[in-house]
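Read-outs throughout are calculated quantities, based only on the coordinates presented, and are distinct from any laboratory measurement. This one's a predicted model, so the numbers in the text were calculated from it and none came from an experiment. As a convention, Cβ positions derive from the backbone with ideal geometry for all residues, glycine included, and neighbour counts pool all protein chains shown.
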Amino acid sequence: MTSSLHAPLIIDVAGQGLSDDDRRRLAHPLVGGVIHFARNWKDRAQLEALNAEIKAVRPDLLICVDHEGGRVQRFRTDGFTHLPPMRALGESWMKDGKGPAGSGALRAMDAATACGYVLGAELRAAGVDFSFTPVLDLDWGESGVIGDRAFHGDARVVSALARSLMLGLLQAGVANCGKHFPGHGFVRADSHTEIPVDKRSLKAILAEDAAPYGWLGTVLTSVMPAHVIYPKVDSLPAGFSPRWLQDILRAKLGFQGAVFSDDLSMEGARRINGKLVSYTEAAVAALNAGCDLVLLCNQSVNGGAPVDELIDGLAAAQKAGAWRASEASELRRQALLPATAPLSWDDLMHQPQYQHALGLLP
């Protein structure tokens, strides 16, 4: 099998337009997509032009962004709606007011669907294919990096609201990504700068934090594992653990969609069994553990040498037999691409469904 049958790398670009180096990297058969950050944004016209440039290199590239609402929202001006943090939906769930018992939950579910539709429709109108949302972590009140990104502390509420948000995304033609499997909300440490350790038992994690992944298995289209170590289950972080990804997520929970690594430049991904590893070593470990796609973020700036190192290193590792291309993984990647054409921004602004959804946001 050749590398052209599996494009596992999701990389970024340095600026608000493509350089010759960006085009060369995006054309490489191992590259399957792009993730945008705030530095790639000036206004909608510029973003649409950038995304058109990317699709001109290869129409099958998956254009992604972390766009959840609240403090994790890359595009905030020039018409993009300021979406609430997901905690606002959980708080709405708890407020029945003067209505009958449970009416707060029903209003919150409708608002979650509206959030998903607005989020997805605006991104698609600007040329973005996919957002890494929703967060399925439970709010235990300990994690600063998760915090109000979580819907709630009850896995049942999280699952109901996430399912509703996914429905809105689906209506906009956008796939979803549940994160961070099996759960990042219990630990205080931030995996961007540390290696968090969750010492709970597998039974406790499956009963609480990982429960949404089982309950949402028929609607989850992709999952992102946590750069967290759960030592009572495995000494490896979940994103590098065949035990977590193959034995538990795939075999036990029956998940059929795509698995993304979290950012390989995060501190939680840079050390495996105490050893500092290269980006290539981390990517090979993640792919061999069961990830279909691997992300390397914010390394295209200042010339992008780390991105070239990863592309060349992964190609060499494949040639040496250190990892094998997977046709199933490539099919999962392609399944995340939108199947329908988006509305233009002007048409979206006048669409009754969109206007109604705006009125439902908390």
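Which value, in nm² and rounded to one decimal, describes the direction-averaged projected area of the C-alpha convex hull of segment 1-158?
That works out to 11.5 nm², a quarter of the Cα hull's surface.
Among LEU296, TYR230, LEU314, whose Cα projects farthest towards the positive end of the dipole of segment 207-362, with charges put on the beta-carbon of Lys, Arg (+1) and Asp, Glu (-1)?
Of the options given, the answer is TYR230.
Would you kindly state how much longer the chain becomes between ALA339 and SER278 on full extension, computed as 0.36 nm times their sequence separation minus their alpha carbon distance, in nm to one decimal?
18.4 nm
Taking all pairs of different Cα atoms in segment 153-306, averaging 1/r and flipping that mean, what Kirkwood radius in angstroms comes out?
The answer is 15.9 Å.
Binning at 10 Å from 0, report for the chain what percent of all alpha-carbon pair distances ends up in each bin.
5, 26, 35, 25, 8, 1, 0
How many angstrom lie between the C-alpha centres of segment 220-258 and segment 146-168?
20 Å
Taking a spot 7 Å from the Cα of ASP78 along the direction of its beta carbon, which residues of segment 338-355 have an amide N less than 17 Å from it?
Counting only backbone N, you get 344-349.
Ranked highest first by average number of other Cβ atoms within 10 Å, how do 334-342, 78-86 line up?
Result, highest mean first: 78-86, 334-342.
Amide H of LEU62 versus every other amide H placed in the peptide plane: which residues, excluding those fewer than 5 positions away on the same chain, fall under 5 Å?
The answer is GLY33, VAL34.
Among the listed pairs LYS203/LYS275; LYS203/LYS232; LYS203/LYS252, which are separated by more than 20 Å between their Cα atoms?
LYS203/LYS275
Apply the Karplus curve 6.51 cos²θ - 1.76 cosθ + 1.60, θ = phi - 60°, to the phi angles in segment 98-105 and return the couplings in whole Hz, x for Gly and Pro.
8, x, x, 4, x, 5, x, 5
What are the lysines whose alpha-carbon lies under 17 Å from the alpha-carbon of LYS319, with same-chain residues fewer than 8 places away excluded?
none
I'd like the antiparallel share, as a percent to the nearest 5, of DSSP beta bridges with both residues in the chain.
Looking only at bridges with both residues in the chain, the antiparallel portion is about 20 percent.
Over the alpha-carbon set of segment 12-65, divide Rg by the Kirkwood Rh and report the Rg/Rh ratio to two decimals.
0.92
By per-residue mean of other Cβ atoms within 10 Å, what is the highest-first order of 290-301, 95-106, 42-53, 121-132?
Descending mean neighbour count gives 121-132, 290-301, 42-53, 95-106.
Let me know the Kirkwood hydrodynamic radius for segment 133-242, please, with Cα pairs as the basis and the value in Å to one decimal.
Taking every pair of different Cα atoms in segment 133-242, averaging 1/r and inverting gives 13.9 Å.
Ranking request for peptides 274-280, 71-77, 114-120: highest mean number of other beta-carbon atoms within 10 Å first, then the rest in descending order.
114-120, 71-77, 274-280
Sort LEU343, LEU314, LEU5, LEU167 so that the residue with the fewest other Cβ atoms within 10 Å of its own Cβ comes first and the one with the most comes last.
Fewest-to-most ranking of LEU343, LEU314, LEU5, LEU167: LEU5, LEU167, LEU343, LEU314.
Can you work out the base-10 log of I(q)/I(0) for segment 261-362 at q = 0.15, 0.21, 0.23 1/Å, using the Debye formula on its C-alpha atoms alone?
-0.75, -1.08, -1.23
Quick one: what do you get for segment 6-97 if you divide its Cα Rg by 2.2 N^0.38 Å?
Normalised Rg, Cα atoms only: 1.34.
About the Cα centre, and with charges only on the beta carbon of Lys, Arg (+1) and Asp, Glu (-1), how big is the dipole of segment 74-175? Nearest 20 debye, please.
180 debye
Between ASP347 and ALA320, with labels modelled 7 Å along Cα→Cβ, what's the label distance in nm to one decimal, could you check?
For ASP347 paired with ALA320, the spin-label model returns 5.0 nm.
Can you spot the lysines whose alpha carbon is less than 25 Å from LYS55's alpha carbon? Ignore those fewer than 8 places along the same chain.
LYS42
Beyond 19 Å, what percent of the Cα pairs of segment 79-134 remain?
For segment 79-134, the fraction of Cα-Cα distances above 19 Å is 36 percent.
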